[in-house]
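Single-structure report; data block below.
Bear in mind these aren't lab numbers, they're just calculated from the coordinates by the rules spelled out. Note that the structure is predicted; figures quoted are calculated from it, not measured. Note that we place each Cβ from the backbone using ideal geometry, even for glycine, and neighbour counts take in every protein chain shown.
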Amino acid sequence: MRVYMFHLMPWPHLPADFAQTHDTAWVVCENALYDAERGHEVYNRYLDELELADQLGFDGVCVNEHHQNAYGLMPSPNIMAACLARRTTRAKLVILGNVLTLYDHPLRVAEEIAMLDVISGGRVVSGQVVGTGNEFFSYNVNPTYARERFYEAHELIVKAWTEPGPFPWEGTHYRFRYVNVWPRPFQKPHPPIWIPGSGSRETIDWVAKKRFTYMVLPTLAPYALRAATAEAFRAACEREGYTARHEQIGWGIGVYVAESDARAVQEYEPHFWYYAKNLLRNRETFNSPPGHSSVQSTLGVLAARRKGRPGNFNSWEEIQKGGFVVVGSPATVRDRLTEIATHTGLGTLIPNFSVGNVPHHLTRKSVELFAREVMPHLRGVNVDPPADGVARAGARAPVPA
Amino acid sequence: MMTESVQDVGGRATRIVRSGRGRPLLWLHDTTGNRWTQGHEALVRRHEVIAPSLPGFDDSTTLGQIDRTEDVGFWLLDLWDALGLERPVLLGCGLGGWIAADFAARYPERLGRLVLVDAYGLQVDGALAADEFALTPPMLRPLVFAEPEASLAREWVPDAQPPERVESALHARVAAARLAWQFPYCPKLRGRLARAKVPALILWGAQDRLVPTAHAHAYAASLPDARVVVLPGAGHYPWLETPDRFADEVERFLG
């Protein structure tokens, strides 16, 4: 398997009574809580941590896009990737992902990803997402068009990367008289595409059809629920007439490594609760605006959550028992990740070490322990056979819709 | 006696509920969808109340290219043809009121009278409608009901929909958001209302904190022949909270 360090870049300085005084960390969470001087430190610290991952031999580093919130401070992941492109040398730069639906100009995404790919000499992975429900509130995009806009923007971007321009695009949501993107991407036919998804059937089927990498979300959910999602993806690939490659199954998960199991929990837990109680705090309405998923898909997700997702996280035992995160000594983390990999077939591991308000020295220690004592053992697990004439990580010629 | 049928309206299967005898009154529902209420029932004494489901509300997968009130207006023209309507009373609530006002500005000759109830549709400085899609049911109830703790409020804006309504409520919410997402108005409508040369009644719940009463007065100021009646004891749904008083005012206006 390959290992890509993910960073959420959370805001670590929310007031202690945040959960008592706020019903959401999103959309309407007042930006008076943001402090730019502390923000300067926070951004640079987080970028240092991703650069460290490059130095320690991670296969890649991952950034993502959220807007108007305390949960993740990267409204523009492409800016973060640009910072990293010149300060890293070999790690893949995984933008996980660009929220295609938010832009009336998806060509901007095509341009920026191509720029990053050329600057970095072909190190970019293009994650593409519909976006959380929150983003539709923050950017005033009609959520009932979420899926249509996503698929159309995706097709437009891939065509802009792969077909000679100029050509016209006459779509439902986007019209461009002249599609003629300069620069063209470094990787041929285009950078690998990863699609995160929360188990909705429509996304799973589409990613399977496209043979892209599917990253299982939500990151914080019971293991059984996520394993079922991975299984559904593999089944969808079988229905498409092929067996999923390991690298097509992406697994984002909270990971923390310390000298012993007890110490790991002791160091991790308070920062986990900052994340779970503050940063994940949200209104159901912001999470699920109308039409963001189809009605049938929403009914399915509601039913699955009733079975598998506790309404509230209250005890560490619950988190541990549900397999929400992987926390412990190097041996424990190694064994558990190997077990998960064996069970799910995952070949794209996306650990997130930066939980909540965990301080830099602990993140650094955890990442270093992981790189030294865990990662080498995972390398030999779930290795794909070489794909003939096909770039790795899903970079295949797009199948026409 | 109440009847319910599904009719072809310009190629769109449309559920239509009707009851009563007398002058036809076409009722365009609000974002909660096409549900027969006490307000409808109170009007059937003197009118044939015709309540069609707006496009997509019963099945949001059929929305197709509908995404503005103008699109619904073309469907209304088809409805006029399908039902053989001649200058009926057009009554619209909330979102339906916006659609009715837009239709009246374009095709006033097709209407007998116009009734707008707590209608969306206008941009009013300093009185932006609250965001019904952002608010949870407990946050929404005090904005839309004069008595938010009453069982009626919990029935219409429940914390969780009862199982038999989960799916239909989701469809209605999608269809509503298609037309009314974030800014449920058209900035151009106010300037067009001068063309709506048809007697109009603007009915508003005194305690509508979703669409403030400033909108009622803005409608009255822009329409050529309109008067405002503000109903005490009602929020955004006067036909639910004060159905008899609501019906009395409509009947007095219609004569």
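Against the empirical 2.2 N^0.38 Å scaling, what ratio does the C-alpha Rg of the protein assembly as shown come to?
Details: Rg = 27.7 Å, N = 656, 2.2 N^0.38 = 25.9 Å.
My calculation over the Cα atoms of the protein assembly as shown gives 1.07.
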Two pseudo-spin positions, 7 Å from Cα along C-beta at B:E70 and at A:E148, lie apart in nanometres by 1.6
Among B:178-184, B:27-33, the order from most to least packed when residues are scored by Cβ within 10 Å on average:
B:27-33, B:178-184
Are there any helices in chain B, counted as whole DSSP H runs, that stretch 15 Å or more along their axis by Cα and score at least 0.5 on average by Kyte-Doolittle, and if so which?
B:95-106
Reduced to Cα centres, the span from the stretch B:155-176 to the stretch A:223-274 in Å works out to 34
Explain nothing, just the number: dipole magnitude of chain A about its Cα centre with +1 on each Lys and Arg Cβ and -1 on each Asp and Glu Cβ, in debye rounded to the nearest 20.
800
Per-pair calculated FRET efficiency, R0 = 41 Å: B:W36 and A:K188 via Cβ, rounded to 0.05
0.10
About the Cα centre of the stretch B:95-175, how large is the charge dipole given +1 on each Lys and Arg Cβ and -1 on each Asp and Glu Cβ? Please answer in debye to the nearest 20.
280
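Given 0.36 nm per residue, what is the gain on full extension from A:N140 to A:D17 after removing their alpha carbon distance, in nm?
41.3 nm
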Considering every residue in A:135-146, what mean count of other chain Cβ atoms within 10 Å of its Cβ is obtained?
4
Inter-label distance for A:R177 and B:R252, nm, one decimal - labels placed 7 Å from Cα along Cα-to-Cβ:
5.9
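For A:R334, B:R46, what's the fewest-to-most ordering of other Cβ within 10 Å of each Cβ? Don't skip to the end; give the middle numbers.
Details: A:R334 21, B:R46 16.
Going from least to most buried by this count: B:R46, A:R334.
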Among B:Y219, B:W36, B:Q65 the positive-end extreme of the charge dipole of chain B (Cβ point charges)
B:Y219
Give me the distance in nm between label points sitting 7 Å out from Cα along the Cα-to-Cβ direction at B:E167 and A:N287, one decimal.
2.3
Hey, how many Å between the Cα centroid of the stretch A:324-388 and the Cα centroid of the stretch B:54-131?
56
What ranking do A:D35, B:D131 get, fewest neighbouring Cβ atoms within 10 angstrom at the top?
A:D35, B:D131
For A:M74, A:M1, ascending order of other Cβ atoms within 10 Å (fewest first) is A:M74, A:M1
Per 0.36 nm of contour for each residue apart, how much would the distance between A:Q266 and A:L302 grow if the chain were fully extended, relative to their Cα-Cα spacing?
9.6 nm
Mind listing the phi-derived Karplus ³J(HN,Hα) values for the stretch A:37-52, rounded to whole Hz, using 6.51, -1.76 and 1.60 with θ = phi - 60°, and x for any glycine or proline?
5, 5, x, 4, 5, 4, 4, 5, 5, 5, 5, 4, 5, 6, 5, 4
Relative packing of peptides B:8-16, A:286-294 - highest average C-beta neighbours within 10 Å first
A:286-294, B:8-16
Under a Gaussian network model of chain A whose springs join Cα atoms within less than 10 Å, the largest fluctuation of A:G60, A:G97, A:G171 belongs to A:G171
Taking A:256-262, A:145-151 and ranking on average Cβ neighbours within 10 Å, highest first, one gets A:145-151, A:256-262
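Relative contact order for chain A using alpha-carbon pairs under 8 Å, separation at least 6, rounded to a whole percent?
Rounded, it is 22 percent for chain A.
Mind giving me the FRET efficiency for B:K197 and B:A150? R0 is 51 Å, r the Cβ-Cβ distance, nearest 0.05 is fine.
0.80
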How large is the charge dipole for the stretch A:1-86, taken about the Cα centre, if only the Cβ atoms of Lys, Arg (+1) and Asp, Glu (-1) carry charge, to the nearest 20 debye?
240
Report for the protein assembly as shown the percent antiparallel among DSSP-assigned beta bridges with both residues inside it, nearest 5.
20
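Hey, what number do you get for chain A at 222 nm if only DSSP H runs of n ≥ 4 count, each worth -39500 (n - 2.57), divided across all residues, to the nearest 500?
It lands at -12500 deg cm²/dmol.
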Given a Förster radius of 41 Å and the C-beta distance between A:E318 and A:H105 as r, what FRET efficiency does 1/(1 + (r/R0)^6) yield to the nearest 0.05?
0.40
Output field shielding_mean for A:292-299 (other chain Cβ, 10 Å radius) holds 4
Place +1 on the Cβ of every Lys and Arg and -1 on the Cβ of every Asp and Glu in the stretch A:211-278, take the dipole about the Cα centre, and give the residue among A:Y275, A:Y256, A:T219 whose Cα lies farthest towards its positive end.
A:T219
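For the protein assembly as shown: lysine pairs with Cα atoms under 18 Å, gap of 8 or more or different chains, count? Write out the running numbers ahead of the final one.
Numbers: A:K92/A:K188; A:K159/A:K188; A:K159/A:K209; A:K159/A:K210; A:K188/A:K210; A:K307/A:K321; B:K188/B:K197.
Going through the protein assembly as shown pair by pair, I get 7.
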Partner shielding of A:278-287, taken as the mean number of other chain Cβ atoms within 10 Å, equals 2
